[in-house]
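Encoded as structure tokens, the structure appears first; notes follow it.
The values are calculated or read from the model by the stated rules, or taken from the named source; none is laboratory data. Worth saying up front: this structure is predicted, and the values here are computed from it rather than measured. For neighbour counting, all protein chains shown are included, and Cβ atoms are generated from backbone atoms with ideal geometry for every residue, glycine included.
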Amino acid sequence: MDTFAHGAISMLAASRSGLPGLKHDGCRSGWKDWTLWAALAFGTLPDLTSFGVYFVQRIVSGNFTPGKPDLTEIPQYVFTAYDVSHSLVVAAAAGILIGIFVRCCLLPYLAWPLHILCDIPTHSADFFATPVFWPVSQWHFDGWAFSAYPLLIVGYWGAVVLLFAWRMLYPKVRERARRPREDAHE
């Protein structure tokens with residue numbers, strides 16, 4: 001799954017302004033909600049700490065070319081950072097620490113394990129399969145590379161757009177349903 005989709009899904013699923021806010025009378029904190037931005041950070045953290053650093057390095061050095069780089073060109077630190085940041089074991093350990101020391105960040109933190117769960121089926125063994133249980137195990141699911149299946153990209157972006165629309169419209173529909181009808185009083 002691409003980093004932008006991870007960011008959008010994170011904001012929807014792991015912030016008070018996203019879907020969790022619907023259970024609180026349509027909480028509409030909007031762009032001022034710090035949990036929205038924290039969820040975006042946690043949800044993109046796995047990709048930004050591995051490929052993001054490499055992407056910036058390639059731009060700064062003048063070696064940037066669009067498209068998927070050859071595996072032999074990618075430095076070892078990217079593989080290590082990917083393993084660490086895409087491990088549910090590491091994310092769970094971080095979650096425990098967040099739960100103990102920064103409890104208010106638990107909801108946005110959930111975007112990190114959600115990122116990993118979304119990557120499991122959308123990464124193949126050919127290019128950065130998700131090492132779910134690293135460092136305990138190198139096991140990975142040989143999924144469907146999102147870049148090789150345009151329909152997969154259309155599918156998850158379609159779901160993101162529908163969820164955003166639902167999030168934006170649901171409070172208005174719910175409020176309209178709660179208002180007493182004027183013609184019922186006549």
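Observations, loosely collected:
- Looking only at residues in region 39-77 that are more than 19 Å from the chain's Cα centre (by Cα) and of a type in the set (V, I, T), the one that is farthest from A8 (Cα to Cα) is T72.
- Residues in region 82-117 that are part of a helix (DSSP H, G or I), touching a residue at least 12 places away in the same chain (Cβ under 8 Å) and over 15 Å from T130 (Cβ atoms): A94, G95, C105, L107, P108, Y109, A111.
- Of the candidates E175, E182, the single residue that is closer than 24 Å to S15 by Cα, charged (D, E, K, R) and modelled with pLDDT under 95 is E175.
- Only one of the numbered conditions (1) at pLDDT below 95; (2) out of contact with any Leu (no Cβ under 8 Å at 6 or more places or on another chain); (3) β-branched (V, I, T); (4) under 21 Å from S124 (Cα atoms) is violated by V53, and that is (4).
- Residue in region 21-42 that is within 25 Å of V154 (Cβ to Cβ) and part of a helix (DSSP H, G or I) present: yes
- Of the residues making up region 51-88, just one is of a type in the set (D, E, K, R) and in contact with a helix residue (DSSP H, G or I) (Cβ under 7 Å, 6 or more places away or on another chain), namely K68.
- In summary, R16 fulfils each of the numbered conditions (1) assigned to a helix (DSSP H, G or I); (2) under 19 Å from L163 (Cα atoms); (3) not hydroxyl-bearing (S, T, Y) with the single exception of condition (1).
- Taking the conditions (1) within 17 Å of the chain's Cα centre (by Cα); (2) within 22 Å of W139 (Cβ to Cβ); (3) among the β-branched types (V, I, T) in turn, T80 satisfies each one other than (1).
- For region 141-162, filtering for residues that are in contact with a helix residue (DSSP H, G or I) (Cβ under 7 Å, 6 or more places away or on another chain), assigned to a helix (DSSP H, G or I) and at pLDDT 85 or above leaves 3.
- Set side by side, the residues L97, L48 differ, and just one is more than 30 Å from W166 (Cβ to Cβ) and out of contact with any helix residue (DSSP H, G or I) (no Cβ under 6 Å at 6 or more places or on another chain), which is L97.
Here's the yes/no breakdown for (1) surrounded by 11 or more Cβ atoms within 10 Å (Cβ to Cβ); (2) at pLDDT 95 or above; (3) at negative phi:
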site: G30; (1), (2), (3): no, no, no
site: I59; (1), (2), (3): no, no, yes
site: G62; (1), (2), (3): no, no, no
site: T72; (1), (2), (3): no, no, yes
site: A81; (1), (2), (3): yes, yes, yes
site: A91; (1), (2), (3): yes, yes, yes
site: A94; (1), (2), (3): yes, yes, yes
site: G99; (1), (2), (3): yes, yes, yes
site: A111; (1), (2), (3): yes, yes, yes
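- Scanning region 32-57 for residues that are more than 15 Å from F128 (Cα to Cα) and buried (at least 18 other Cβ atoms within 10 Å of the Cβ) gives D33, T35, L36, A38, A39, L40, F42, G43, T44, L45.
- Residue match in region 121-136 (condition: surrounded by 11 or more Cβ atoms within 10 Å (Cβ to Cβ) and over 26 Å from Y156 (Cβ atoms)): yes
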